[in-house]
Amino acid sequence: MIDEFSFIEFLKREFEGGLIGDDCAIYKNFLISLDQMVEGVHFLFSRFPPFYLGKKAVYSTLSDIAAMGGIPYLIFLGLTLRKDIPFKWVKEFFDGVKEAINEYGVALAGGDLSRGETITISLTVIGNVNKSGILRRNGAKARDLILCTVGEGCAKVGLEKLYSENFDEKFLSDVDVLKFLIPLPQIEVGKFLVEIGVVSSCIDVSDGILRDLKNLCRESNLSSLIFLEKVEEIASFKNVTVDDFLKSGEEYELLFSVGEKELPYFLDEFGKKFPEKKVAVIGKFVEKKEKYLYFINCEGKRFEISGDGYDHFGGSA
Ligand code: ADP
Ligand code: MG
């Protein structure tokens, strides 16, 4: 099977018209996106509490609206259930859905139910474009700096803890496990990023920073240099390895770019608006080179990167 990155390239070539390639499709004043969660791939039935699963399904879908700075309104939910799933599980799942949509002022507007061999959750979200504009994946320019929001916990570490052999119910209150179970969509940050007017590109981190940065590079037709010492510093602050920090998927933090000149203004305003939230400058875009991603250290030495995060079809960089 081809890797997910090449798969999207294939789809973009086959289905021209410019709707495919960003976090949401833009149609008139609407933002529309579909996401799926599949048992055995995105979650293990035995460990993932249904209440959290309902919340995460909504959160992950809303995150694509956040990535474009939009405002979410409606959700449609398709659910395939195995015959042996007890109603208690279904009720808890929908309690989670309800809590999440209430938190973000979104309505469940419809969906579909089906029987099947594995549980599959499919969500479509419809939102409005922000009056100030739209954050796109394809707007970055060479020399723009690459930033990311840095939240608490690491979803990749959380996943490993949740599914480890020595799992204990107590793990459910661990910060990394919670980041994996219920990663909040950055709707307010996304709105701010578009309203401040100096953000040139944006994506939400669903497949890991490296893989999603590669998506920004592909859409903007650029390459990127990742500041090695900077990511080492953040990883150590988060108490995870650099590899875990850069490859952790389903984080739903935002990865975006700001012009060199506008950076001080941006950081200042961000700090005022979100005093509790950390944002870090982790690299910069450069003209397109042979590869999309390189590390660079403070002495200017470049290193190539191999392997870049989670791929649904098992390919590598
Ligand atoms: P995200 O991680 O934000 O959900 P993806 O990286 O999965 O986005 O997808 C990238 C782009 O490819 C999106 O515009 C998405 O709508 C599109 N895409 C993904 N899968 C399909 C598919 N099966 N058919 C058409 N477009 C697709
Ligand atoms: Mg996305």
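Points worth noting:
- Separation of the Lys83 and Met1 label points, Cα + 7 Å toward Cβ, nm: 2.7 nm
- Dipole of segment 11-131, positive direction: furthest Cα of Ile126, Ser46, Ile26, with charges on the beta-carbon: Ser46
- Near Ile203: Cβ cut-off under 11 Å, other residues only, Lys/Arg at +1 and Asp/Glu at -1. The net charge is -3.
- Assuming charge only on the beta carbon of Lys and Arg (+1) and of Asp and Glu (-1), the dipole of the chain about its Cα centre is about 600 debye to the nearest 20.
- In terms of other Cβ atoms within 10 Å, Cys298, Cys217 run from fewest to most in the order Cys298, Cys217.
- Between the Cα long axis of helix 87-103 and the first principal axis of the chain there is an angle of about 40°, rounded to the nearest 10.
- Charging the Cβ of each Asp and Glu at -1 and of each Lys and Arg at +1, and nothing else, the dipole of segment 147-205 about its Cα centre rounds to 160 debye.
- Cα-based shape type of segment 105-202, given that a ≥ b ≥ c are square roots of the gyration tensor eigenvalues and the cut on a/c is 1.5: oblate
- In percent, rounded to a whole number, the relative contact order of segment 75-118 is 74, using alpha-carbon pairs under 8 Å and six or more apart.
- With a simple spin-label model that places each label point 7 Å from the Cα along the Cα-to-Cβ direction, the separation between Arg47 and Glu299 comes to 4.1 nm.
- Relative contact order for segment 53-169: 37 percent, from Cα pairs under 8 Å spaced at least 6 residues apart, divided by residue count.
- Global form of segment 201-253, assessed from the alpha-carbon gyration tensor, a/c cut-off 1.5: oblate
- Computed over the chain: relative contact order in percent, which uses C-alpha pairs under 8 Å that are six or more apart: 23 percent
- When the Cα positions of Ile305, Tyr292, Ala142 are compared along the charge dipole of the chain, Ala142 comes out farthest toward the positive end, with charges on each C-beta of Lys, Arg, Asp and Glu.
- Long pairs among Lys91/Lys156; Lys161/Lys230; Lys141/Lys261, criterion Cα-Cα beyond 24 Å: Lys91/Lys156; Lys161/Lys230
- 14 Å beta-carbon shell around Gly21, net charge (K/R +1, D/E -1): -3
- A rounded overall shape is assigned to segment 184-317, the ratio a/c of its alpha-carbon gyration tensor axes (a ≥ b ≥ c) being less than 1.5.
- Partners for Lys288 among aspartates and glutamates (Cα-Cα distance below 12 Å; same-chain residues under 8 apart left out): Glu219
- Leu74-Ile32 pseudo-label distance in nm [points 7 Å out on the Cα-to-Cβ vector]: 1.0 nm
- Taking the Cα centre of segment 1-134 as origin and assigning +1 to Lys and Arg Cβ atoms and -1 to Asp and Glu Cβ atoms, the resulting dipole is close to 460 debye.
- Separation of alpha-carbon centers, segment 142-173 and segment 1-40, rounded to whole Å: 25 Å
- Two-decimal log10 I(q)/I(0) for the chain, as the Debye equation yields it once each C-alpha is a single scatterer, q = 0.08, 0.10 Å⁻¹: -0.35, -0.55
- Taking the C-alpha atoms only, the angle from helix 4-14 to the longest principal axis of the chain is near 90 degrees.
- q = 0.12, 0.13, 0.15, 0.17 Å⁻¹, segment 6-109: log10 I(q)/I(0) [Debye, one scatterer per Cα]: -0.49, -0.57, -0.72, -0.88
- Cα centroid separation, segment 287-308 to segment 177-214 (Å): 22 Å
- Using the rule -39500 (n - 2.57) for each DSSP H run of four or more residues, divided by the residues of the chain, the 222 nm mean residue ellipticity is -10500 deg cm²/dmol.
Bear in mind these aren't lab numbers, they're just calculated from the coordinates by the rules spelled out. Bear in mind the structure is a predicted one, so any value in this text is a computation, not a measurement. Neighbour counts are summed over all protein chains in view; Cβ atoms, including those assigned to glycine, are modelled from backbone coordinates with ideal geometry.
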